[in-house]
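One structure is given below, encoded as structure tokens.
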Amino acid sequence: MSGSARKPGKTPSHHSASERTAQSYQLERPVFFVGFMGAGKSSVARRLARTLGMASIDMDTYLERREGKRVREIFDEVGEEGFRAIETDVLQDLSAKDPLLISCGGGVVLRPENRALLKEAGYVVFLRVSADEAASRISDKSSRPLFNDIESARQRCQDRMPLYEEVADVIVDTSGKSVGRLAWDVRAILEKEGILCQQLVSS
Ligand code: S3P
């Protein structure tokens, strides 16, 4: 066998040493995880990537490395609007790469141009969480300049809900579910939708 052949589903049970194959996975389009702060976007993307032997990228981590500054510092220096401009640039940058699992910052849906790009370029998984559950999951709120008191978080979460719904290809409720379970559920969805494909690579 030369090169690689995509075969959804089955793994051959018999093959000679010269025909040995390894499984790998490929994405048809970038997969964007969106949702409110604390929804588990980065953890689920990371766990899924690990089970598939592929890479995931966290937008904020990528942005912080690129800018050489923490998100909070950027907010302090150039305000939310300045941060959003950088965020849009990073989203465009990541969308142009080979398809990846990408966990987005919670506010990525605020700009119409970002929403258009998410819908057009990728498959969007909306991990839904309530502000109250999110608050209980976030250990370090100091790194999130827009998660202050619970009242404003509830309002922000409610205001953004239609925007998350607008971009979502699928909505996954995270309430009471572990990261492992969510990664498993998302994997099944991506396979069913033909976004995640298995490849048999000859070695
Ligand atoms: C933000 C969410 C954060 C980060 C920034 C703004 C938001 O990312 O991008 O603090 O507006 O919801 P996480 O959703 O990964 O916490």
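Given the rule -39500 (n - 2.57) for each run of at least 4 DSSP H residues, summed and divided by the residues of the chain, what is its mean residue ellipticity at 222 nm, to the nearest 500 deg cm²/dmol?
Details: 7 runs with 95 residues, N = 203.
Roughly -15000 deg cm²/dmol at 222 nm, from the helical runs in the chain.
Among Thr61, Gln23, Ile86, flag the residue with its Cα farthest along the positive direction of the charge dipole of the chain, charges on Cβ as +1 for Lys/Arg and -1 for Asp/Glu.
Checking the options against the dipole of the chain, the answer is Gln23.
For the chain, what mean projected area does the convex hull of the alpha carbons give, in nm²? Write out the running numbers ahead of the final one.
Details: hull surface 49.9 nm².
Orientation-averaged projected area of the Cα hull: 12.5 nm².
Fully extended, how many nm does the chain gain between Glu77 and Asn148 (0.36 nm per residue separation, minus their Cα-Cα distance)? Show your work: numbers first, answer last.
Numbers: separation 71, 0.36 × 71 = 25.56 nm, distance 1.83 nm.
Here the segment from Glu77 to Asn148 would lengthen by 23.7 nm.
Find, among the trypsin sites (Lys or Arg not before Pro) in the range 87-163, those assigned to loop by DSSP (not H, G, I, E, B) with at most 15 other beta-carbon atoms within 10 angstrom. Walk me through the numbers before you get to the answer.
Working: sites: Lys97, Arg115, Lys119, Arg128, Arg137, Lys141, Arg154, Arg156, Arg160; in loops: Lys97.
Here the trypsin sites (Lys or Arg not before Pro) that fit, given the DSSP loop and packing criteria, are Lys97.
Would you mind checking which residues have amide H under 5 Å from Phe36's amide H? H placed 1.01 Å from N; only 5 or more apart, or other chain.
When sequence neighbours closer than 5 places are left aside, the close amide H contacts are Val129.
Given Cβ point charges of +1 (Lys, Arg) and -1 (Asp, Glu) and nothing else, what value in debye, to the nearest 20, does the dipole of the range 67-203 about its Cα centre take?
Using Cβ point charges on Lys, Arg, Asp and Glu, the range 67-203 gives about 400 debye.
With loop defined by DSSP as not H, G, I, E or B, and exposure as at most 16 other Cβ atoms within 10 Å, which is the longest segment of the chain clear of exposed GluC sites (Glu not before Pro)?
Details: sites that count: Glu28, Glu193.
With GluC sites (Glu not before Pro) excluded where exposed in loops, the chain gives 29-192 as its longest stretch.
For the range 10-142, give the magnitude of the charge dipole about the Cα centre (Cβ charges: +1 Lys/Arg, -1 Asp/Glu; no others), in debye to the nearest 20. Each step should come with its number before you reach the end.
Numbers: 20 positive and 20 negative charges, 129 e Å.
Using only the charged Cβ atoms, the result is roughly 620 debye.
Per residue, how much accessible area does the range 41-125 show when a 1.4 Å probe rolls over the protein heavy atoms, in square angstrom? Each step should come with its number before you reach the end.
Working: 3960 Å² over 85 residues.
Roughly 47 Å² per residue, with all protein chains present.
Charges at C-beta only: +1 for Lys and Arg, -1 for Asp and Glu. How large is the resulting dipole of the range 136-179 about its Cα centre, in Debye rounded to 20? Don't jump to the answer; show the numbers that get you there.
On the way: 7 positive and 8 negative charges, 49 e Å.
The dipole magnitude comes to about 240 debye.
The values are calculated or read from the model by the stated rules, or taken from the named source; none is laboratory data. These figures come from a predicted structure and were not determined experimentally. Note that each Cβ is placed from the backbone with ideal geometry, even for glycine, and that neighbours are counted across all protein chains shown. Accessible surface is based on the protein model in full, side chains and every heavy atom, while ligands, DNA and RNA are left aside. Shrake-Rupley method; radii C 1.70, N 1.55, O 1.52, S 1.80 Å.
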